[in-house]
Amino acid sequence: MTDIKPLNDDGIALAADILRRGELVAFPTETVYGLGANAMDDMAVARIFEAKGRPRFNPLIVHLPSVQAVRQYAVMNGAAYTLAEKFWPGALTMVMPRAKDCQLSELVSAGLDTVAIRIPAHPGARRLLEAVNLPIAAPSANTSGKLSPTEAAHVASSLGDAVSLILDGGACGVGVESTIVDVSGKKPTLLRPGGIAAEEIEEVLNQPLIRAASDDTAPKSPGMLSSHYAPHCPVRLNVETPETGEAYLGFGPTEKATANLSVKGDLREAAANLFRLLHELDGGQYHAIAVAPIPETGLGLAINDRLRRAAAPRG
């Protein structure tokens, strides 16, 4: 059975030792739980793909503790520094050119000349990064394409013995993955909506973001596959009246809701609750999950992105 330890000094010391040995550790961030491995170790990174059943063409996000550390592995331009000053540490991932002498495994970049990097804000995650003193590749700690984990129990249920240790830091505060922006080209591009609203990023950059389409062959970042974040049972979107036998996931003052993302219509609360409630409704008692309409503004963009990929046809 997978070892689960509290996110305290002893747990972090144990996790750092396991990561240095090339094994996998799941740990909480402010967004979702990540499945961590030494990003400079080809074999360790390969274990992530094996544990998740993840396609090798799908890049990974590398987690680092500081901008100074980022500069060892990536080339930061003006837009990158502007966004870093405003949103790091936090729920923003930036795709940047790999540095000339980048020591990261080629596997984290899936053969591309770019790398996705984030500095997490979660205090426990930052303590772990500082303790291990290594770049840590960490996609969401779940089977590839399935619901993302926002609690330690979600990780254990999805990955089981494939992970050596789970650090339990409680529920994740943001609840959806990081926003991913590609700053490697001339015009910043939104690759994945996430925990920071696109409008906030556009305001800081003083320019609109290009919106990237889904990519099932050579994505530049995680979260771009058309089918992703999927529960076992089918998902229907923008439902005003659920059918018999369906769970109804409401938003706002929704009648007959089985569960509600946010009764008061708060998108931040809805994002934090999204994956937890989908996990709960996916227990086998319903034949489908119907979801009430959710506004396409602010964090609603990220919520609807996850829901559309969850509802997409599955290969």
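The values are calculated or read from the model by the stated rules, or taken from the named source; none is laboratory data. These numbers come from a predicted model, not from an experiment. Ideal geometry is used to build each Cβ from the backbone, glycine not excepted, and the neighbour counts take in all protein chains shown.
Yes/no matrix, rows are residues, columns are (1) surrounded by fewer than 21 Cβ atoms within 10 Å (Cβ to Cβ); (2) in contact with a helix residue (DSSP H, G or I) (Cβ under 8 Å, 6 or more places away or on another chain); (3) closer than 22 Å to residue 224 by Cβ:
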position: 82; (1), (2), (3): yes, yes, no
position: 99; (1), (2), (3): yes, no, no
position: 103; (1), (2), (3): yes, no, no
position: 111; (1), (2), (3): yes, no, yes
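Could we say that residue 280 is over 25 Å from residue 191 (Cα atoms), outside any loop (DSSP other than H, G, I, E, B) and free of Cβ contacts under 8 Å to residues at least 24 places away in the same chain here? Spell out the reasoning first.
On the way: over 25 Å from residue 191 (Cα atoms): yes; outside any loop (DSSP other than H, G, I, E, B): yes; free of Cβ contacts under 8 Å to residues at least 24 places away in the same chain: yes.
The answer is yes for residue 280.
Only one of 181, 176, 155 is modelled with pLDDT of 95 or more, assigned by TED's automatic domain parsing to the domain that holds residue 70 and part of a loop (DSSP other than H, G, I, E, B); which?
Just a single option satisfies the conditions, and that option is 176.
Going through segment 54-80 one residue at a time, which ones are at pLDDT below 95 and out of contact with any helix residue (DSSP H, G or I) (no Cβ under 9 Å at 6 or more places or on another chain)?
57
If a residue must be surrounded by 12 or more Cβ atoms within 10 Å (Cβ to Cβ) and acidic (Asp, Glu), how many such residues does segment 218-246 contain?
Number of matching residues: 1.
Whether any residue in segment 258-273 is outside any loop (DSSP other than H, G, I, E, B), over 29 Å from residue 57 (Cβ atoms), of a type in the set (A, V, I, L, M, F, W, C) and touching a residue at least 40 places away in the same chain (Cβ under 8 Å) is what I want to check.
Yes.
Somewhere in segment 20-39, is a residue under 25 Å from residue 214 (Cβ atoms), charged (D, E, K, R) and surrounded by fewer than 21 Cβ atoms within 10 Å (Cβ to Cβ)?
no
So which residues in segment 184-218 are touching a helix residue (DSSP H, G or I) at 6+ places or on another chain (Cβ under 8 Å), assigned to a strand (DSSP E or B) and among the aliphatic types (A, V, I, L, M)?
The one that is touching a helix residue (DSSP H, G or I) at 6+ places or on another chain (Cβ under 8 Å), assigned to a strand (DSSP E or B) and among the aliphatic types (A, V, I, L, M): 190.
Scan segment 125-147 and tell me whether some residue there is at pLDDT below 95 and farther than 25 Å from residue 273 by Cα.
Among the residues of segment 125-147, not one is at pLDDT below 95 and farther than 25 Å from residue 273 by Cα, which makes the answer no.
Report, by residue number, each residue of segment 214-242 that is in contact with a strand residue (DSSP E or B) (Cβ under 9 Å, 6 or more places away or on another chain) and among the small types (Gly, Ala, Ser).
221, 223, 230
Would a scan of segment 229-236 turn up a residue that is part of a loop (DSSP other than H, G, I, E, B), at pLDDT below 85 and not basic (Lys, Arg)?
Yes, because at least one residue in segment 229-236 is part of a loop (DSSP other than H, G, I, E, B), at pLDDT below 85 and not basic (Lys, Arg).
Suppose the filter is in contact (Cβ under 8 Å) with a residue 60 or more places away in the chain and either surrounded by 22 or more Cβ atoms within 10 Å (Cβ to Cβ) or in contact with a Gly (Cβ under 8 Å, 6 or more places away or on another chain) (or both); does residue 73 pass it?
No, not satisfied.
Taking residue 285 as meeting all but one of (1) of a type outside the set (Val, Ile, Thr); (2) closer than 21 Å to residue 197 by Cα; (3) over 23 Å from the mean Cα position of the chain (by Cα), write down the number of the exception.
(2)
Is it fair to say residue 86 is within 19 Å of residue 188 (Cα to Cα), assigned by TED's automatic domain parsing to the domain that holds residue 191 and basic (Lys, Arg)?
Judged against the criteria, residue 86 is a match.
Of all the residues that make up segment 33-58, how many are of a type in the set (A, V, I, L, M, F, W, C) and touching a Lys or Arg at 6+ places or on another chain (Cβ under 8 Å)?
Going residue by residue through segment 33-58, those that are of a type in the set (A, V, I, L, M, F, W, C) are 35, 37, 39-40, 43-46, 48-49, 51, 57.
Restricting the remaining residues to those that are touching a Lys or Arg at 6+ places or on another chain (Cβ under 8 Å) gives 35, 37, 48-49.
Qualifying residue count, segment 33-58: 4.
Given the conditions (1) farther than 28 Å from residue 188 by Cβ; (2) under 13 Å from the mean Cα position of the chain (by Cα), which single one is not true for residue 144?
(1)
Name the one entry in 303, 289, 294 that is in a strand (DSSP E or B) and outside the structural domain of residue 172 (by TED's automatic domain parsing).
The unique qualifying residue is 289.
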